[in-house]
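The values are calculated or read from the model by the stated rules, or taken from the named source; none is laboratory data. Because the structure is predicted, anything quoted here is derived from the model rather than measured. Please note: Cβ atoms are built from the backbone with ideal geometry, for glycine as well, and neighbour counts cover all protein chains shown. Keep in mind that these areas ignore ligands, DNA and RNA; they rest on the heavy atoms of the full protein, side chains included. Shrake-Rupley method; radii C 1.70, N 1.55, O 1.52, S 1.80 Å.
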Amino acid sequence: MKTKPELLLSIPQNIFTVDDLAVLWRISDRSRLWELIKYYVRTGRLHTIQRGVYAKTDHYSPFEAAIKLFPPAYISFTTALAYHGAAFQYSSEVHCMAKASKRLETANGQVFIYHQLKNNILLNQQGIQKTDGYWIASLERAICDTSYLVPSFPFEHLDNVDEGKLEEILSIYDNKALKKRIGRMISDYQEIVD
């Protein structure tokens, strides 16, 4: 049987909540679990991101951390646009869609900004991809989320947009103004490119 540190190292996941560790280590006694977590933090086997969320190393993915800090959430808005090459302005903040608006800053200074979406939109998995331990919006979903939150957002690079996927994803928002705005944005962009 593997030791607790061996169990941590044997799985690809890098960030864990207290509940994740309870399941992984098969510990139901909360006080025993907390004592073990404190011991692993003290000895450097776990690193605190924020109370209740821990990483295997100090060098963790901020995207994976974002999803664990305030679930349910997924990476979107300008962060996903930059990830897909549709925005060129660098921002160290990680933007996510979540059940409520919130701003979190970890001890190492990483900032996470959560933007509220209605549950029926947030929990719809259409256009959301699982990658390396986190959920991230596809380019089309990120465009819809961004335009939904900031109607006048200036999109920089839309060459890789799949218009069919964009129309499918637009349907989950059930918002005529959003549909019209994105349709106009795509046609304006095509005029500039052509």
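Side notes on the structure shown:
- For the stretch 4-77, the relative contact order works out to 33 percent when only alpha carbon pairs closer than 8 Å and six or more residues apart are counted.
- Percent accessible area from carbon and sulfur atoms, the chain, protein chains only, probe 1.4 Å: 50
- Averaging over all projection directions, the Cα-based convex hull of the stretch 94-162 occupies 5.9 nm² in the image plane.
- At most 16 other Cβ within 10 Å, DSSP loop - GluC sites (Glu not before Pro), the stretch 109-194: GLU156
- Where MET1, MET97, MET185 fall by accessible area, highest first, once all protein chains stay in place (1.4 Å): MET1, MET185, MET97
- Simple spin-label estimate for GLN50 and ALA100 in nanometres, 7 Å along Cα-Cβ: 1.2
- Each peptide in 116-122, 27-33 was scored by the mean count of other Cβ atoms within 10 Å over its residues; highest first, the order is 116-122, 27-33.
- The chain: projected area of the alpha-carbon convex hull, averaged over directions, in nm²: 12.4
- Size descriptor, Kirkwood hydrodynamic radius, that averages inverse alpha-carbon separations across the stretch 69-108, Å: 11.1
- Treating r as the C-beta distance of LEU24 and PHE88 and R0 as 30 Å, the FRET efficiency rounds to 0.15.
- Net charge dipole, the stretch 59-152: roughly 280 debye, given to the nearest 20, about the Cα centre with Cβ charges of +1 for Lys and Arg and -1 for Asp and Glu.
- Among the protein heavy atoms, those of TRP135 account for about 90 Å² of accessible surface (1.4 Å probe, every chain in place).
- Ordered from highest to lowest accessible area with the whole protein assembly present and a 1.4 Å probe, SER91, SER138, SER171 read as SER171, SER91, SER138.
- Candidate residues TYR54, TYR90, TYR83: accessible-area rank, largest first, probe 1.4 Å: TYR90, TYR83, TYR54
- Count of Lys pairs (Cα-Cα under 22 Å; at least 8 positions apart or interchain) in the chain: 25
- Taking every protein chain into account, the 1.4 Å probe leaves ARG184 with about 120 Å² of accessible area, to the nearest ten.
- Farthest towards the positive end of the charge dipole of the chain, among the residues TYR90, PRO62, ALA22, is the Cα of ALA22, using unit charges on the Cβ of Lys, Arg, Asp and Glu.
- Overall form of the stretch 1-101: prolate. Here a/c, set by the Cα gyration tensor axes a ≥ b ≥ c, is 1.5 or more, and a/b is the larger of a/b and b/c.
- The mean sequence separation of alpha-carbon pairs under 8 Å and at least six residues apart, normalised by the residue count of the chain, gives a relative contact order of 16 percent.
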